[in-house]
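Please read the structure below before turning to the comments.
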């Protein structure tokens, strides 16, 4: 792993619904990738300050990657209103556009729960994104179409999925069925003691991401 200078930049990105509040954890001068992390559901307290999002950032930043976190429309200082995962797709595109323009590096996109459903949907279709990370995949049947993860089956980018064995929104059987149908390269990590929010297991979450980066992105 690489030591970074630890500095943080507060940013305002230009989104289709107005400004998007964002925070960048600076990377190393010789960074090989830049990363984006998407937060969980805005209507249930999700924001860029979420603990899972923070620990994913620390894992990615430990390799010298600059890491961008942002608030979806209607959260914090971000303008606009929650759009049930539809307009939020444009928020992700705006964040990826900013990262690519700023660093001109291959991109990694991670998302937690709602952030995985929205972020990975955009990332799998974006040639600039070379790898994706889904945390707490909510595969339980839901009314919202945004939780349809069928798009992952055709995604040929390196994929890491990390969930808890006791995830109340991602039953293990349903998750394993999805994973079995997902195209290689892929890796599934089930953290035995974790629930959907990885309570008490954030260290294990962080380590799972770091091990995968060593295996997949730093060969």
Fill in: Among (1) more than 15 Å from the chain's Cα centre (by Cα); (2) not in a loop (DSSP other than H, G, I, E, B), the one test that residue 208 misses
(1)
Worksheet, complete the sentence: Being over 19 Å from the mean Cα position of the chain (by Cα), on the phi > 0 side of the Ramachandran plot, buried (at least 18 other Cβ atoms within 10 Å of the Cβ) and in contact (Cβ under 8 Å) with a residue 60 or more places away in the chain narrows 18, 80, 85 down to just 80
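Checking the conditions here, which among 99, 77, 20, 48 is part of a strand (DSSP E or B) and touching a strand residue (DSSP E or B) at 6+ places or on another chain (Cβ under 6 Å)?
20
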Worksheet, complete the sentence: Among the residues of the stretch 155-171, the number that are over 21 Å from residue 56 (Cα atoms) and at pLDDT 95 or above is 2
Item to complete: Would you point out the residue of the stretch 113-126, among those that are without any contact (Cβ under 8 Å) to a residue 40 or more places away in the chain and part of a loop (DSSP other than H, G, I, E, B), that is surrounded by the most Cβ atoms within 10 Å (Cβ to Cβ)?
Response: 126
Worksheet entry | Leading residue by the ranking (farthest from the chain's Cα centre (by Cα)) among those in the stretch 51-74 that are assigned to a helix (DSSP H, G or I) and free of Cβ contacts under 8 Å to residues at least 60 places away in the same chain | 61
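Please work out if residue 110 is in a helix (DSSP H, G or I), touching a residue at least 40 places away in the same chain (Cβ under 8 Å) and either closer than 23 Å to residue 177 by Cβ or under 13 Å from the mean Cα position of the chain (by Cα) (or both). Spell out how you get there, then give the answer.
Working: in a helix (DSSP H, G or I): no; touching a residue at least 40 places away in the same chain (Cβ under 8 Å): yes; either closer than 23 Å to residue 177 by Cβ or under 13 Å from the mean Cα position of the chain (by Cα) (or both): yes.
It is false that residue 110 is in a helix (DSSP H, G or I), touching a residue at least 40 places away in the same chain (Cβ under 8 Å) and either closer than 23 Å to residue 177 by Cβ or under 13 Å from the mean Cα position of the chain (by Cα) (or both).
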Worksheet item: Looking only at the stretch 27-42, which residues are closer than 14 Å to residue 111 by Cα and either surrounded by fewer than 20 Cβ atoms within 10 Å (Cβ to Cβ) or within 14 Å of the chain's Cα centre (by Cα) (or both)?
Response: 35, 36, 37, 38, 39, 40, 41
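The values are calculated or read from the model by the stated rules, or taken from the named source; none is laboratory data. Owing to the predicted nature of the structure, the values given are computational and were not obtained by experimental measurement. FYI the Cβ positions are ideal-geometry reconstructions off the backbone, even for glycines, and counts take in every protein chain you see.
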